[in-house]
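These notes concern the structure reproduced below.
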Amino acid sequence: LLAIYLAIRHFRHWLEGRQFTVLTDHKPIVQAVQRGTGSHNPREVRQLDYITSFTSDVRHIKGAQNTVADLLSRASVGSLSVVLDSANVKHYHYLLPEQDEDHSS
């Protein structure tokens with residue numbers, strides 16, 4: 001729910017006045033949009049109201065069929081984190097003058 005809410009909020013300028021469909025592999029979200037505000041906490045009610053102010057077309061898609069979301073949700077090993085070498089970081093002050101100089105010529 002939070003991911004859908006944040007995505008719509010982020011792209012609201014492009015989504016306002018357009019028809020679009022939200023695809024999710026989380027069935028309870030589809031049911032919550034169809035049923036309305038029912039037995040949800042205030043935060044969820046606000047998010048559902050915001051989502052439905054843009055679209056009521058929220059559909060379920062099986063996770064195995066949702067290949068784009070599956071790909072985006074799995075970080076590759078190379079992009080998980082960068083480990084800094086403390087021996088190199090402690091000498092960063094030697095790099096600062098080099099960064100300030102123009103080496104383009």
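Each reported figure results from applying straightforward, stated rules to the coordinates on display, with no laboratory input. Quick caveat, the model's predicted, so the values are computed rather than measured. FYI the Cβ positions are ideal-geometry reconstructions off the backbone, even for glycines, and counts take in every protein chain you see.
Counting beta carbons within 10 Å around each of E16, E101, E44 and listing the fewest first gives the order E101, E16, E44. For H26, the residues whose amide H sits under 5 Å from its own are I61, ignoring neighbours fewer than 5 places away on the same chain, with H placed 1.01 Å from N. Charged side chains reduced to their Cβ positions (Lys and Arg at +1, Asp and Glu at -1) give segment 2-75 a dipole of some 60 debye around its Cα centre. Relative to the present Cα-Cα distance, how much length would full extension add between R18 and S56 at 0.36 nm per residue of separation? Fully extending the segment from R18 to S56 adds 12.5 nm.
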